[in-house]
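Participant: Following this message is one structure expressed as structure tokens.
The values are calculated or read from the model by the stated rules, or taken from the named source; none is laboratory data. What you see is a predicted model, and the numbers here were worked out from it, not measured in a lab. Cβ atoms come from the backbone with ideal geometry, glycine included; neighbour counts cover every protein chain shown. Only protein heavy atoms, including side chains, enter the accessible area calculation; ligands, DNA and RNA are left aside. Shrake-Rupley method; radii C 1.70, N 1.55, O 1.52, S 1.80 Å.
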Protein chains: 2
Amino acid sequence: MEVTVVGAGLVGCLLACYLARRGHEVTLYERRADPREAGAERGRSINLAISERGIDALRRLGLDGEVLAEALPMPGRMMHAIDGTLSFQPYSADGRRAINSISRGELNRKLLDAAEAMPGVRVHFGHRLTGIDDGVLTFDTPQGPVTSGKTPVVIGADGAYSAVRAKLQTQPGVDFSQSYLDYGYKELSVPARYGDFAFDPGALHIWPRGRSMMIALPNPDRTFTCTLFWPHEAFDALDTPEKVRRHFAEHYPDAAEAMPGLADDYAANPVGNLVTMRCSPWHRTIGPTTIGLVGDAAHAIVPFYGQGANCGFEDCVELDRCLDETGDDFPAALALFERRTADTEVIARLALDNFVEMRDKVGSRTFLAGKRVEHALERVLPGRYASRYELVSFSTTPYSEVERRIARQRRWVAGAGLGVAALVALALRRGK
Amino acid sequence: MEVTVVGAGLVGCLLACYLARRGHEVTLYERRADPREAGAERGRSINLAISERGIDALRRLGLDGEVLAEALPMPGRMMHAIDGTLSFQPYSADGRRAINSISRGELNRKLLDAAEAMPGVRVHFGHRLTGIDDGVLTFDTPQGPVTSGKTPVVIGADGAYSAVRAKLQTQPGVDFSQSYLDYGYKELSVPARYGDFAFDPGALHIWPRGRSMMIALPNPDRTFTCTLFWPHEAFDALDTPEKVRRHFAEHYPDAAEAMPGLADDYAANPVGNLVTMRCSPWHRTIGPTTIGLVGDAAHAIVPFYGQGANCGFEDCVELDRCLDETGDDFPAALALFERRTADTEVIARLALDNFVEMRDKVGSRTFLAGKRVEHALERVLPGRYASRYELVSFSTTPYSEVERRIARQRRWVAGAGLGVAALVALALRRGK
């Protein structure tokens, strides 16, 4: 079957691999130039944290070893207090499971190599989709407008601002929403210090400051990529190098010391937006073409649970499963794939909720105590009790099932608490 | 000041009148041909019920008499039971206040006349907006593409599928949602019977059937325009004239008898969609141009409270007020106009809620008894107690204030109820 995938980002490339393995002819169109030749866009990426869902999706194609070769494991969070105090919180009860820092550009280049190595995959760069009409796709290219042949199946993996979704949104009955946070983000960087990492590379670093937050993820070249999250108007207020330096010296003193290029980075790098997008349904047959969506095109989420790419990769596994169940009947498979909405809705919400946790609560004693109790329960009841973070990051339990399990656990713990209280009351009574 | 209004529908025309009265030069662009020459689109309109908010907006320009000359007052609802039983519910406590049936096409033609009669208003028909870039508007016209001069202010009054809003939606930080009901609607018609109205013209007729609903509004030519609301898949299932006739004979026997052209109408008229659209903010300055939205372009709502056009007309009054308060500074006035979101959010929700009431509850005894109690309270406590329907339809109290007042009244009635109970308890105790 001939399948067109729009977008050769992370999810588009991985989907092309999955589809090619099933024997389909895949044509992959990408708006930008080949990043392996042109060099990646800089100054606006948040480093990715690949965790179990993403690794599982790569592993099923035998790509995990190669793709993750240079990723740096982060088994926990390192909190930076204003006074310079560091505190480490392991992500897992045994302290060994880790999420993995990797740059988006690096990951994209490896996945492009993987897709091009598959039989039946053709990639066209510099093709910006401008329309889908009567089964024909039109593109703007550096050489002028180009049209495709009749296209039976088009899958949009073209990100939060998807051109494929724009076509779908014009159809009556297609619900859609875009919802921005008042917060934006800016990339900053911490260079290597005397040839070594400026901070512990075995952690995701967080500077929780209530109204703002900064994070830093390690890179193989011993630098860190930092991301500052802050309300848009706050970014604008720091309009001179002096103001930038003064603000960071006051609120992020240990980071400011490690950022000699801070004021330049701050002035040069744009403020990115944080948006949640929802679309329902994700597929529709329009004339001779069935259109579907995966990844951010279907469900863009904010980055605060580190699940955007992982969720998109898991989409590929799930769509592959839907193709299995329908004998590669794409309209039927894409209809079946709508069941994944239950999961993507959950992670969209968790990602929004986690922003509050990361920017504020991770620094509080109550929160830290809660985490310790949680990890103690996990150790005492292995396999019976697991934290939400562990289930999201270190399992492939569907997101919606994670939420059901967390609800069951809470009822169970509350019940056990009541039981203990009853036993104590009984003991006291007998003691009378 | 030069102001561009996109869309010469009901709200665009009325807004042009308001702006021209303030002394602005208004250019009005309309996608369609002049409806006064071309004849209105037929077969997909729901008749409008103009009530106090709409009348007030017309009255402030002295247009109410002329525009509403041919409107037919409907002082209540006439319920049609399956067995043919009719029951009339007045809309107001005194039974005299009425909403007014008028065809959208008729109203549009009169408002176009009114706009063109104002000094400083120019109207261009056959201009479909295709882009807003660097202050220049581009249009497709029957004569080919056309561009405007530099345009400082563009106000989108171009309906639920607004091209102006499409531009706004591409801006980071602009939240948007479109949400469809599973229900669609189809226009049907009841001709005059022996030269007279087939039903009482002094009512909005409703056939509440639970899963479906039909309404009929009278026209000056003694016909009724009917609208059937039904789930999309139900419409599709009636795919032969015989099935159509059988269904109507079973569920709408008295209406079916009055519709000799039913099967033809049913086959010829399309099924319309019912959508709620939200956008926030409604305005943004992009380069040299400040863009704003009014009416359905800003807040398309479902038709079940009869408030779509009334709310859009009231937008014009409110924007006029904002221009007063800001000395005709359009960017400032459009920023101030955002306060109206509190009101449009309320009517969007009430319109959705009213669908359930109209299709189901209006037929129930509890509902009818509740209405009678409400009207009794209104008569006993004139000016102190008013029903939500009266406040929405027969006042210009802002929608959000209506909701606050209803909440206060409910607390008061509940309190009075408790007070009565306490007095009774006291009396019983003393009686012992």
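Participant: Distances from A:THR240 to the same residue in each other copy, label points 7 Å out along Cα→Cβ, in nm, shortest first?
Facilitator: Spelled out, the distances from A:THR240's label point are 8.4 nm.
Participant: With +1 on the Cβ of every Lys and Arg and -1 on the Cβ of every Asp and Glu, and nothing else charged, how large is the dipole of segment B:369-420 about its Cα centre, in debye rounded to the nearest 20?
Facilitator: Working: 10 positive and 5 negative charges, 28 e Å.
Value, rounded to 20: 140 debye.
Participant: Hey, another quick one. Would you mind giving the mean number of other chain beta-carbons within 10 Å of the Cβ of each residue in B:175-187, as a whole number? Intermediate results must be reported in sequence, preceding the final value.
Facilitator: Values: counts 6, 7, 6, 8, 4, 7, 1, 1, 0, 2, 0, 0, 0.
Across B:175-187, the average partner-chain Cβ count within 10 Å equals 3.
Participant: Related question: Considering only the label points, 7 Å along Cα→Cβ from Cα, what distances in nm to one decimal separate B:VAL380 from the same position in each other copy, shortest first?
Facilitator: Copy-to-copy label distances at B:VAL380, shortest first: 6.1 nm.
Participant: Putting +1 on Lys and Arg Cβ atoms and -1 on Asp and Glu Cβ atoms, find which of A:ALA416, A:ALA369, A:LEU428 reaches farthest to the positive end of the dipole of segment A:364-430.
Facilitator: After comparing all options, I get A:LEU428.
Participant: A follow-up question, please. Where both residues lie in segment B:1-135, what percent of DSSP beta bridges are antiparallel, nearest 5? Working shown, then result.
Facilitator: On the way: 11 of 20 bridges.
Here the antiparallel bridges make up roughly 55 percent for segment B:1-135.
Participant: Enter the mean number of other protein chain beta carbons within 10 Å of the beta carbon of each residue in A:160-172, as an integer.
Facilitator: That works out to 2 on average.
Participant: Let me know the mean shielding of B:387-397 by other chains, meaning the per-residue number of their Cβ atoms within 10 Å of its Cβ. Could the numbers behind the result be given before it?
Facilitator: On the way: counts 0, 0, 0, 0, 0, 0, 0, 0, 0, 0, 0.
Per-residue shielding by partner chains comes out at 0.
Participant: Counting only DSSP beta bridges with both residues in the protein assembly as shown, what percent are antiparallel, rounded to the nearest 5? Show your work: numbers first, answer last.
Facilitator: Numbers: 105 of 143 bridges.
Just about 75 percent of them are antiparallel.
Participant: How do B:78-84, A:104-110, A:14-20, B:219-225 rank on mean C-beta neighbours within 10 Å, highest first? Let's see the in-between values first.
Facilitator: Details: B:78-84: 14.3, A:104-110: 19.4, A:14-20: 26.3, B:219-225: 17.3.
So the peptides B:78-84, A:104-110, A:14-20, B:219-225, ranked by packing, come out A:14-20, A:104-110, B:219-225, B:78-84.
Participant: Then there's this: Per residue, how much accessible area does chain B show when a 1.4 Å probe rolls over the protein heavy atoms, in square angstrom? Walk me through the numbers on the way to the answer.
Facilitator: Working: 18770 Å² over 432 residues.
Using a 1.4 Å probe on heavy atoms only, each residue of chain B averages 43 Å².
Participant: A further question follows. Compute, for chain A, the length of the dipole vector about the Cα centre, with Cβ point charges of +1 (Lys, Arg) and -1 (Asp, Glu) only. Units Debye, rounded to 20.
Facilitator: Numbers: 51 positive and 55 negative charges, 405 e Å.
Dipole size: approximately 1940 debye.
Participant: Could you tell me how many cubic angstrom of Cα convex hull volume segment B:22-152 has per residue?
Facilitator: Values: hull volume 23.0 nm³, N = 131.
Taking only Cα atoms, segment B:22-152 has a hull volume of 176 Å³ per residue.
Participant: Let me ask something additional. May I ask you to give the average projected area over all directions of the convex hull of the Cα atoms of segment B:360-427, in nm² rounded to one decimal? Mind showing how you got there, number by number?
Facilitator: Details: hull surface 23.1 nm².
Answer in nm², one decimal: 5.8.
Participant: Moving on to the next point. To test your reading of the geometry: what angle, between 0 and 90 degrees and rounded to tens, separates the Cα axis of helix A:104-117 from the longest principal axis of chain A?
Facilitator: It is inclined by approximately 40 degrees.
Participant: Distances longer than 24 Å among the Cα atoms of segment A:80-172: what percent of all pairs is that? Walk me through the intermediate numbers first.
Facilitator: Details: 2142 of 4278 pairs.
Counting pairs separated by more than 24 Å, the tail of P(r) holds 50 percent.
Participant: Name the chain A residue nearest the rotation axis between A and B, going by Cβ position, and give the distance in whole Å.
Facilitator: That would be A:SER177, 2, residue then distance in Å.
Participant: Could you tell me what % of all Cα pairs in segment A:74-121 have separations over 13 Å? Intermediate values should be presented prior to the final figure.
Facilitator: Values: 795 of 1128 pairs.
Of the Cα pairs, 70 percent sit more than 13 Å apart.
Participant: If you split all Cα-Cα distances of segment A:179-273 into 5 Å bins from zero, what percentages do you get per bin, shortest first?
Facilitator: 3, 14, 25, 27, 18, 10, 4, 0, 0
Participant: Hey, got the Cα dimensions of chain B along the principal axes, in Å, largest first?
Facilitator: Taking max minus min along each principal axis of the Cα atoms, chain B gives 84, 62, 40 Å.
Participant: Restricting the count to DSSP beta bridges whose residues both fall in chain B, what percent are antiparallel, rounded to a multiple of 5? The partial results should precede the final answer.
Facilitator: Working: 51 of 70 bridges.
In chain B, DSSP labels about 75 percent of beta bridges as antiparallel.
Participant: Springs between alpha-carbon pairs under 10 angstrom, Gaussian network model over chain A: which of A:VAL26, A:VAL190, A:VAL346 fluctuates most?
Facilitator: Result: A:VAL346 has the largest fluctuation of those listed.
Participant: What nm distances, shortest first, do you get from the label point of A:ARG211 to those in the other copies when the point sits 7 angstrom along Cα to Cβ?
Facilitator: For A:ARG211, the other copies' label points sit at 5.6 nm, shortest first.
Participant: Which listed residue (B:LEU293, B:GLN307, A:PHE224) has the Cα farthest towards the positive end of the charge dipole for the protein assembly as shown, taking +1 on Lys and Arg C-beta and -1 on Asp and Glu C-beta about the Cα centre?
Facilitator: B:GLN307
Participant: Which is farthest toward the positive dipole end of the protein assembly as shown among B:ALA342, B:VAL6, B:SER101, measuring Cα position about the Cα centre, with Cβ charges +1 (Lys, Arg) and -1 (Asp, Glu)?
Facilitator: The residue sitting most towards the positive pole is B:ALA342.
Participant: Further, regarding this structure: Regarding the protein assembly as shown, what is the average projected area of its C-alpha convex hull, in nm²? Kindly include the intermediate steps, with their values, before the conclusion.
Facilitator: Working: hull surface 194.8 nm².
Over all viewing directions, the protein assembly as shown projects a mean Cα-hull area of 48.7 nm².
Participant: Apply the Karplus curve 6.51 cos²θ - 1.76 cosθ + 1.60, θ = phi - 60°, to the phi angles in segment A:2-14 and return the couplings in whole Hz, x for Gly and Pro.
Facilitator: Each residue's phi maps through the Karplus curve to give 8, 10, 9, 10, 9, x, 10, x, 4, 6, x, 5, 5 Hz.
Participant: If you don't mind, there's one more thing I want to ask. Charges only on Cβ, +1 for Lys and Arg, -1 for Asp and Glu: so what's the dipole of the protein assembly as shown about the Cα centre, in debye to the nearest 20?
Facilitator: Working: 102 positive and 110 negative charges, 811 e Å.
For the protein assembly as shown, the charge dipole is close to 3900 debye.
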